[in-house]
């Protein structure tokens, strides 16, 4: 089963104007601690997609996403993409339905829907950066169009 994971090993990620290079000898767990720390400090992190779980919306090794901390009063909507902590990094899932603090999530490439509570979410995808450098903000018309197109033509 494919998981939407991000691997920070040998990858660049940034938080606003700061860049950090992960060395190959770091373990996966320790590699993600700086990312989690930045999210806890209310700073965004840019990571490259390293899995096919959100295909065709996000392409492995082509697209990058900006993970942003979830504000306490944030209202999730259908179509938002969120990041959950996973043993190998972060797992991306799309919000299929939201009722209060209850969310129903699924990967675009899978059919299984998972029910979780909002406090379990580490971050949400606030922006997508395509291979051509174009940035697409979440909840924008282009984001919605690309999401719909990926669900129809997968």
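Residue 15 meets the stated requirement of being closer than 25 Å to residue 118 by Cα, surrounded by 11 or more Cβ atoms within 10 Å (Cβ to Cβ), touching a strand residue (DSSP E or B) at 6+ places or on another chain (Cβ under 6 Å) and at pLDDT below 90. Checked across the stretch 58-67, the condition of being in contact with a strand residue (DSSP E or B) (Cβ under 6 Å, 6 or more places away or on another chain), surrounded by 14 or more Cβ atoms within 10 Å (Cβ to Cβ) and over 18 Å from residue 136 (Cβ atoms) holds for no residue.
Determine, yes or no, whether residue 125 is under 22 Å from residue 55 (Cβ atoms) and in contact (Cβ under 8 Å) with a residue 24 or more places away in the chain. Spelling it out, residue 125 is indeed under 22 Å from residue 55 (Cβ atoms) and in contact (Cβ under 8 Å) with a residue 24 or more places away in the chain. Condition first: part of a loop (DSSP other than H, G, I, E, B) and farther than 25 Å from residue 148 by Cα. Now tell me which residues in the stretch 27-49 satisfy that. 27, 41, 42, 43, 44, listed by residue number. The strands (runs of 3 or more DSSP E) found wholly in the stretch 50-154 and carrying at least 1 residues that are closer than 20 Å to residue 35 by Cβ, within 12 Å of the chain's Cα centre (by Cα) and modelled with pLDDT under 90 occupy 81-86, 89-99. Checked against (1) in contact with a helix residue (DSSP H, G or I) (Cβ under 8 Å, 6 or more places away or on another chain); (2) under 15 Å from residue 76 (Cα atoms), residue 120 passes all but condition (1). When the criteria are applied in full, residue 109 fails the requirement of being in contact with a strand residue (DSSP E or B) (Cβ under 8 Å, 6 or more places away or on another chain), in contact (Cβ under 8 Å) with a residue 12 or more places away in the chain and surrounded by 13 or more Cβ atoms within 10 Å (Cβ to Cβ). Would you check if there is a residue in the stretch 72-93 being touching a residue at least 60 places away in the same chain (Cβ under 8 Å), surrounded by fewer than 20 Cβ atoms within 10 Å (Cβ to Cβ) and touching a helix residue (DSSP H, G or I) at 6+ places or on another chain (Cβ under 9 Å)? The answer is yes; a qualifying residue exists.
The values are calculated or read from the model by the stated rules, or taken from the named source; none is laboratory data. Here the structure is a predicted model, which is why all the values come from computation and not from measurement. In this analysis, Cβ positions are derived from the backbone assuming ideal geometry, glycine residues included, and neighbour counts consider all displayed protein chains.
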